[in-house]
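Colleague: Sharing a structure, written as structure tokens. Questions coming.
The values are calculated or read from the model by the stated rules, or taken from the named source; none is laboratory data. In this text the structure is predicted, and so the values were computed from the model without any measurement. Cβ placement follows ideal geometry from the backbone for every residue including glycine, while neighbour counts extend to all protein chains displayed.
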């Protein structure tokens, strides 16, 4: 491990959304391990199964290097969304971990319904934040002390970066890379991954789908 | 396992590129396991480490459910790229696996330098195909019997779908979903993941970067 590098704690839980997690990790990986070191962490060490759509935790397994108990204090947190979020909202061990790590982390980031977990843990209170558009209510119902932004690809507020659903995490990550390592590195990361970067945080083509899926599921 | 579902064999090897793999798997996961079942497969069962940029195999580990030896014949193959491709090009066990599975698979797909492996295995001979733009030569040098397309987001030729670098795998996957399950399902998958779908296979904003990285590395 390069101790000069920024230490990213990328949080796993059963039923995490694959692209929420690996979109950002892909882009951070291109920046290189001299600058940022990717650490995988979950409640328990070992394999953690991804979500398959809205079906739950039956997807490919990713290995957590650290458990919440043995994890060091990370410089940056990444909290993905996914159908497993609903279970984790009731998991005090997860919420405690997010609360503790968020106190000392320089940067706290989430993709999709990951912001619901941060909001439930109370760490977004007093901040602006966003979440997945189709199930926005899952996040917004967790705290009325958060200034929820319904139309945003991602929201930056202090040390918090929260993004809209799934792919939006990649645009947010490029914005973080740009902020920490400059425009040239962000351009290189987008070019290396042949990704068309959506640079405007406020341009949100999916805002019109606010709570579409939540309404279908009878959640609102 | 739903035996009515199309069985996807998603190939892992040390130094695979994270988004090459999880971009397509994310979109297939949204289609649902009643339609397509994701199987992870590698030379050996167990954890396989992803690439970190061009640094090699030191990234997060993903668990292979099947080894090449105990894998069933899959209906569809997915071959990702990544810096580990260079090692796998000399791995006869990998090339044999790709050759054998490609004979019976209904669909054979690759992202990025994954097409270099398919070309080396000889399965793309007589077909049109594409690859990552920055290191195009890694694929094109594997066979002169492949009709290599330098400007394409992805190329469909018979049962073969090959895409350009990393993110292009997502546009290719949406095209596959559209072909197999219709436009509405593909639109749903793009919308669920808040992904702006690039529908035009021939529109390639990254073609101008042909072999940029390969030239920097002194490969051409």
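Colleague: Would you be able to tell me the number of residues in the stretch A:189-220 that are in contact with a helix residue (DSSP H, G or I) (Cβ under 7 Å, 6 or more places away or on another chain) and within 30 Å of residue B:214 (Cα to Cα)?
Modeller: The number of residues fulfilling the criteria is 9.
Colleague: If you don't mind, there's one more thing I want to ask. In the stretch B:199-211, what residues are in a helix (DSSP H, G or I) and either more than 13 Å from chain A (Cβ to nearest Cβ) or surrounded by fewer than 16 Cβ atoms within 10 Å (Cβ to Cβ) (or both)? Give the derivation first.
Modeller: Let us first name the residues in the stretch B:199-211 that are in a helix (DSSP H, G or I), namely B:207-209.
Of everything in the stretch B:199-211, just one residue is in a helix (DSSP H, G or I) and either more than 13 Å from chain A (Cβ to nearest Cβ) or surrounded by fewer than 16 Cβ atoms within 10 Å (Cβ to Cβ) (or both), namely B:208.
Colleague: If a residue must be closer than 16 Å to residue B:14 by Cβ and in a helix (DSSP H, G or I), how many such residues does the stretch B:99-115 contain?
Modeller: Matching residues across the stretch B:99-115 total 1.
Colleague: Follow-up question, since we're still on this one. Among the residues of the stretch A:66-87, how many are closer than 12 Å to residue A:14 by Cα and out of contact with any strand residue (DSSP E or B) (no Cβ under 7 Å at 6 or more places or on another chain)?
Modeller: Qualifying residue count for the region: 5.
Colleague: Checking residue B:14 against (1) more than 12 Å from every other protein chain (Cβ to nearest Cβ); (2) under 27 Å from residue A:35 (Cα atoms); (3) outside any loop (DSSP other than H, G, I, E, B): exactly one of these is not met. Which one?
Modeller: Just one mismatch for residue B:14, condition (3).
Colleague: Let me ask another. Among the residues in the stretch A:88-95, are any in contact with a strand residue (DSSP E or B) (Cβ under 7 Å, 6 or more places away or on another chain), at pLDDT 95 or above and not in a strand (DSSP E or B)?
Modeller: Within the stretch A:88-95, not a single residue is in contact with a strand residue (DSSP E or B) (Cβ under 7 Å, 6 or more places away or on another chain), at pLDDT 95 or above and not in a strand (DSSP E or B).
Colleague: Only one of (1) outside any loop (DSSP other than H, G, I, E, B); (2) surrounded by fewer than 20 Cβ atoms within 10 Å (Cβ to Cβ) is not met by residue B:70, so which one is it?
Modeller: (1)
Colleague: Which members of the stretch A:130-187 meet the condition of being within 12 Å of chain B (Cβ to nearest Cβ) and part of a strand (DSSP E or B)?
Modeller: Residues satisfying the conditions are A:154, A:163.
Residue-by-condition table, conditions (1) in contact (Cβ under 8 Å) with a residue 40 or more places away in the chain; (2) within 20 Å of residue A:174 (Cβ to Cβ); (3) within 10 Å of another protein chain (Cβ to nearest Cβ); (4) outside any loop (DSSP other than H, G, I, E, B):
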| residue | (1), (2), (3), (4) |
| --- | --- |
| A:4 | no, no, no, no |
| A:19 | yes, yes, yes, yes |
| A:28 | yes, yes, yes, yes |
| A:33 | no, yes, yes, no |
| A:48 | no, no, yes, yes |
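Colleague: Could you count how many residues in the stretch B:26-35 are on the phi < 0 side of the Ramachandran plot and surrounded by fewer than 23 Cβ atoms within 10 Å (Cβ to Cβ)?
Modeller: Looking only at that region, the number is 3.
Colleague: Only one residue in A:23, A:59, A:53 is on the phi > 0 side of the Ramachandran plot, buried (at least 18 other Cβ atoms within 10 Å of the Cβ) and within 9 Å of another protein chain (Cβ to nearest Cβ). Which one?
Modeller: Every option except A:53 fails the conditions.
Colleague: Now for a separate question. Of A:105, A:64, which residue is crowded, with 20+ Cβ neighbours inside 10 Å, out of contact with any helix residue (DSSP H, G or I) (no Cβ under 9 Å at 6 or more places or on another chain) and away from chain B (no Cβ under 14 Å)?
Modeller: None of the others qualify; the one that does is A:105.
Colleague: Can you confirm whether residue B:132 is modelled with pLDDT of 95 or more, closer than 30 Å to residue A:33 by Cα and out of contact with any strand residue (DSSP E or B) (no Cβ under 8 Å at 6 or more places or on another chain)?
Modeller: Working: modelled with pLDDT of 95 or more: no; closer than 30 Å to residue A:33 by Cα: yes; out of contact with any strand residue (DSSP E or B) (no Cβ under 8 Å at 6 or more places or on another chain): yes.
It is false that residue B:132 is modelled with pLDDT of 95 or more, closer than 30 Å to residue A:33 by Cα and out of contact with any strand residue (DSSP E or B) (no Cβ under 8 Å at 6 or more places or on another chain).
Colleague: Let me ask something else. Take residue A:42 and tell me if it is more than 9 Å from chain B (Cβ to nearest Cβ), under 27 Å from residue A:175 (Cα atoms), surrounded by fewer than 24 Cβ atoms within 10 Å (Cβ to Cβ) and touching a strand residue (DSSP E or B) at 6+ places or on another chain (Cβ under 9 Å).
Modeller: Here the answer is no, as residue A:42 does not meet what is asked.
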